[in-house]
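Single-structure report; data block below.
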Ligand code: C2O
Ligand code: CU
């Protein structure tokens, strides 16, 4: 059947939040952007017309795009950006994804305002592996900055210091009534007593992992990152930037008004504010002057975050089986660090006059001048080096104080490196958090082109001889973004069955901007990417 086309017009639109008005880059004038609804296995063309002031690209977060990296989106990794006045048509090809994903700009910090839901329904005549909800509601968590986001990251990179933190979090584009000038717009969801609803929660926040809860109501987690999980009940969730979570909520409380609320978890540069929406029961009752407020864990509550995350298991049913590689052909151990680089203009705002940087295996990723995919496909030399990691795993105490670290981990190499992976090999990646700046934090690591199984995680240093014994190879959750715990590690496995050039990075935007990125290149059965589709529709 013919592939339908939708049009995304990017332009600057005035929005008023927190008592002030500014122009933000939007898709079709909307913040958050328009939802895309598809069925499992569908394809869609999206014609992106850039009428904004900046270069832009769009990424379909969590869509594997089999053999179609040309439409994946990260700027200078799979394409050159779409210039103001130009357009580019993406082809979204769904395969096994089912549930909630999202799309977002993938150029500088434009994703702050350019993002929206990508909802993948079960194929017609099939249904969810849980009772059909009465209705569905998408909940997009995002960041609001009073300033211009592109200026914020530009000046932070020039000064070498921390970028400004956001001024508010939002639920479906609204800060909610705990912020000034925000009461009238507060997001409200109407419910009927006794009915069950599906909440599709997307964390589009720029720099913080988030707790989310609804007052007095129990949530049942049923899906994550476009895959189903074994349902379990919880009072709150912890969701990292990049992740999505599908929750059932039953309206089984005394009819009234109840807050849903979300606040940050653990970041160093955190926004310590709380965004709210209101669940309103229909019917006749006297509404309280303030709705009931949920118990949200504190922003430093590692135990609550870990307890929740460790409960998530794949559904692993007959219709939705787990297929985790039992043997590993390639193991990569990748250290994840925030560190510093020498200052470029002698007056940097980082520690000791340095500029802040970030790295994977001590390589701070430098964005190339043409895309890595073009360079690989057309064999253009000098754009990237295929020798990531820089050296075999460093042997040191990753989570020790910075004073006890070897000098070479304090200053990363500044380079564009990629890792070539054999087609169809089974890959394990262990992400090892470090405490290089005495500033350990969580890192939501995201891989394009794949979803992967989270087989293990823990605190402290990964132990290659004993930690694999504790892996979950039975029902590990299948995700596209994994939270690497502060001062800890996380291990993932996947089969490299999708030839292409795929970005891998921290989904905290300031870390990605500082170089916490790399590229995996999956070969096409020993040859180059010759059977891949549509080389360059420019
Ligand atoms: Cu959601 Cu590379 O990103
Ligand atoms: Cu990070």
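The values are calculated or read from the model by the stated rules, or taken from the named source; none is laboratory data. This is a predicted model, so every value here is computed, not measured. Virtual Cβ from ideal backbone geometry, glycine too; neighbours counted across all protein chains shown.
Key figures
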item: Given (1) in a loop (DSSP other than H, G, I, E, B); (2) within 16 Å of ligand 1 (Cβ to nearest atom); (3) closer than 21 Å to residue 300 by Cβ, number of the condition residue 436 does not satisfy; result: (2)
item: Hey, residue 41 modelled with pLDDT of 95 or more, assigned to a loop (DSSP other than H, G, I, E, B), away from ligand 1 (no atom under 16 Å from the Cβ) and under 11 Å from residue 92 (Cα atoms) or not; result: yes
item: Qualifying residue in the range 60-80 (condition: free of Cβ contacts under 8 Å to residues at least 60 places away in the same chain, farther than 22 Å from residue 479 by Cβ and either assigned to a loop (DSSP other than H, G, I, E, B) or out of contact with any strand residue (DSSP E or B) (no Cβ under 7 Å at 6 or more places or on another chain) (or both)); result: no
item: Output for the range 120-133, where each listed residue is part of a loop (DSSP other than H, G, I, E, B) and in contact with a strand residue (DSSP E or B) (Cβ under 6 Å, 6 or more places away or on another chain); result: 123, 129, 130, 133
item: From 210, 206, residue being within 16 Å of ligand 2 (Cβ to nearest atom), assigned to a loop (DSSP other than H, G, I, E, B), under 30 Å from residue 514 (Cα atoms) and at pLDDT 95 or above; result: 206
item: Filtered residues of the range 482-493 (kept if within 16 Å of ligand 1 (Cβ to nearest atom) and either assigned by TED's automatic domain parsing to the domain that holds residue 59 or farther than 12 Å from residue 334 by Cα (or both)); result: 482, 483
item: Hey, residue 487 surrounded by fewer than 18 Cβ atoms within 10 Å (Cβ to Cβ) and at positive phi or not; result: no
item: Selected residue [assigned to a loop (DSSP other than H, G, I, E, B) and free of Cβ contacts under 8 Å to residues at least 40 places away in the same chain] from 165, 183, 146; result: 183
item: Failed criterion for residue 127 (all others in (1) in contact with a helix residue (DSSP H, G or I) (Cβ under 7 Å, 6 or more places away or on another chain); (2) modelled with pLDDT of 95 or more hold); result: (1)
item: Flag for residue 427 being outside any strand (DSSP E or B) and within 16 Å of residue 334 (Cβ to Cβ); result: no
item: Number of the condition not met by residue 483 [criteria: (1) more than 30 Å from residue 379 (Cα to Cα); (2) within 15 Å of ligand 2 (Cβ to nearest atom); (3) in contact with a helix residue (DSSP H, G or I) (Cβ under 9 Å, 6 or more places away or on another chain); (4) not in a strand (DSSP E or B)]; result: (4)
item: Filtered residues of the range 495-521 (kept if away from ligand 1 (no atom under 16 Å from the Cβ) and within 25 Å of residue 471 (Cα to Cα)); result: 495, 496, 497
item: The range 86-102: number of residues that are within 24 Å of residue 369 (Cα to Cα) and either within 16 Å of ligand 1 (Cβ to nearest atom) or out of contact with any strand residue (DSSP E or B) (no Cβ under 8 Å at 6 or more places or on another chain) (or both); result: 1
item: Residue match in the range 461-479 (condition: under 16 Å from the mean Cα position of the chain (by Cα), assigned to a loop (DSSP other than H, G, I, E, B) and within 16 Å of ligand 1 (Cβ to nearest atom)); result: no
item: Residue satisfying condition, being over 22 Å from residue 156 (Cβ atoms), touching a strand residue (DSSP E or B) at 6+ places or on another chain (Cβ under 9 Å) and more than 16 Å from ligand 1 (Cβ to nearest atom), within set 386, 342, 351; result: 386
item: Residue count, the range 433-461 (criterion: at pLDDT 95 or above and buried (at least 18 other Cβ atoms within 10 Å of the Cβ)); result: 15
item: Unmet criterion (only one of (1) within 16 Å of ligand 1 (Cβ to nearest atom); (2) free of Cβ contacts under 8 Å to residues at least 12 places away in the same chain) for residue 445; result: (2)
item: Residue within the range 108-116 that is assigned to a strand (DSSP E or B), within 22 Å of the chain's Cα centre (by Cα), away from ligand 2 (no atom under 16 Å from the Cβ) and crowded, with 18+ Cβ neighbours inside 10 Å present; result: yes
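Residues are listed down the side, and each one gets a yes or a no for (1) in the same structural domain as residue 441 (by TED's automatic domain parsing); (2) more than 21 Å from the chain's Cα centre (by Cα); (3) more than 16 Å from ligand 2 (Cβ to nearest atom); (4) at pLDDT below 95:
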{"site": "499", "(1), (2), (3), (4)": "yes, yes, yes, yes"}
{"site": "503", "(1), (2), (3), (4)": "yes, no, no, no"}
{"site": "506", "(1), (2), (3), (4)": "yes, no, no, no"}
{"site": "534", "(1), (2), (3), (4)": "no, yes, yes, yes"}
